[in-house]
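One structure below.
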Amino acid sequence: MCQNPYQHDGTQYVPYEQRTGNESIVYFTRDLSPQGLMKLYERVNAQICGRVGVKLHTGEPHGPNIIPPAWIKEFLKKELPDASIVETNTFYSGDRYTTEQHRETLKVNGWTDFTTVDIMDEDGTAMLPVKGGKWFTEMSVGDHMLSYDSLVVLTHFKGHTMGGFGGSNKNIGIGCADGRIGKAMIHKKDDNDWGVAEEELMEKISESTKATIDYFGKRVTYVNVLRNISVSCDCEGVEAEPVVTPNIGILASVDILAIDQCSVDLIHALSPEDRHAMVERMTSRHGYRQLTYMKELGMGNDRYVLIDTDHDDRRILPADAVQGVKPFAV
């Protein structure tokens, strides 16, 4: 069997025709609104039950690009009235480094006006096994996570300073690892707090994610919002680079690899001038290794059927999905 030449090279985008294996289903809408969010979630929520955590990036103070809290308010009220948003503290010092700072930031950004936010590492940590990893045998997460039955991963898809892009994989891999132990395991190398980069970082993020999704099994689902796509992560807050990539829409799937791969494919389907900034960010940071390593770990499929929920559930290609997309004012 021939080895995939892109397998370990995170600078190389793997075209669809060069991928092999089964296909998963990914749902798509251009409706960037609470209604679009709810429409897609209802396609992928069959296994969500019991006590539900909603993992999203709540952002740094006044961060301009996060999923709007007003959307989440409507979403939770209709779909998950008893759920809690779940987060963890940061590894870097700043406005979410301690639980006290984090709670103040949540208040500033308006999250506490309508829901509860569980800072999962507030009281301690727990170790989850990493099956089949090459860097870790276990990963440290906030111990509150073990009190949840299901996890809804609601992700603002964007660029990332170190990871190239931040999709569902990054939202879980970094976002569920606790702020002191788990995030240090991912980022720290020798005496350098930020010594891990490129392929090694992508692989460690993915192994961290695998620990969490293996824990929840089928009781985890994914929604990616492709809106306000800066090359910067929401952790950069008001210092984020300007948005130069057009808004695209919302995706949903029960397959984490399929939804992140489709998100990347939608970026590549944009015109050269519209995709340039994000492609450069993903390429220069070796971000595509997130996708190929998730496939190696058996975390999902990089081939998928893309279903256009705006047009009678017809099957479409990523290029068809972005036809007519123009930059939005943000």
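What follows is calculated from the coordinates using simple rules that are stated; it is not laboratory data. From a predicted model like this one, the values you see are computed outputs, not experimental measurements. Note that we place each Cβ from the backbone using ideal geometry, even for glycine, and neighbour counts take in every protein chain shown.
Taking a sphere under 13 Å around the Cβ of residue 140 and counting the other residues whose Cβ falls inside, with K and R at +1 and D and E at -1, yields a net charge of -1. Amide H contacts under 5 Å for residue 85: 54, 116, 118, restricted to partners 5 or more places along the chain or on a different chain, H placed in the peptide plane at 1.01 Å from N.
Here segment 16-321 carries DSSP beta bridges of which approximately 50% are antiparallel, counting only pairs with both residues inside. What you get for the chain, charging only the Cβ of Lys and Arg (+1) and of Asp and Glu (-1), is a dipole of about 540 debye around the Cα centre. For the pair segment 179-254 and segment 75-123, the centres of their Cα atoms are 17 angstrom apart.
A simple charge model with +1 on the Cβ of Lys and Arg, -1 on the Cβ of Asp and Glu and nothing else charged puts the dipole of segment 205-281 at about 380 debye relative to its Cα centre.
For residue 131, the aspartates and glutamates whose Cα falls under 16 Å of its own Cα, not counting residues fewer than eight places away in the same chain, are 203, 207, 214, 296.
Under the convention that each Lys and Arg Cβ holds +1 and each Asp and Glu Cβ holds -1, the size of the dipole of segment 211-330 around its Cα centre is about 240 debye. Ordered from longest to shortest, the equivalent ellipsoid semi-axes for segment 16-321 are 26, 22, 20 Å, each the square root of 5 times a Cα gyration tensor eigenvalue.
Taking every DSSP helix (H) stretch of at least 4 residues in the chain, weighting each as -39,500 (n - 2.57) and dividing the sum by the residue count yields a mean residue ellipticity at 222 nm of -8500 deg cm²/dmol. Averaging the sequence gap over all C-alpha pairs within less than 8 Å and six or more residues apart, then dividing by the number of residues, gives segment 16-321 a relative contact order of 26 percent.
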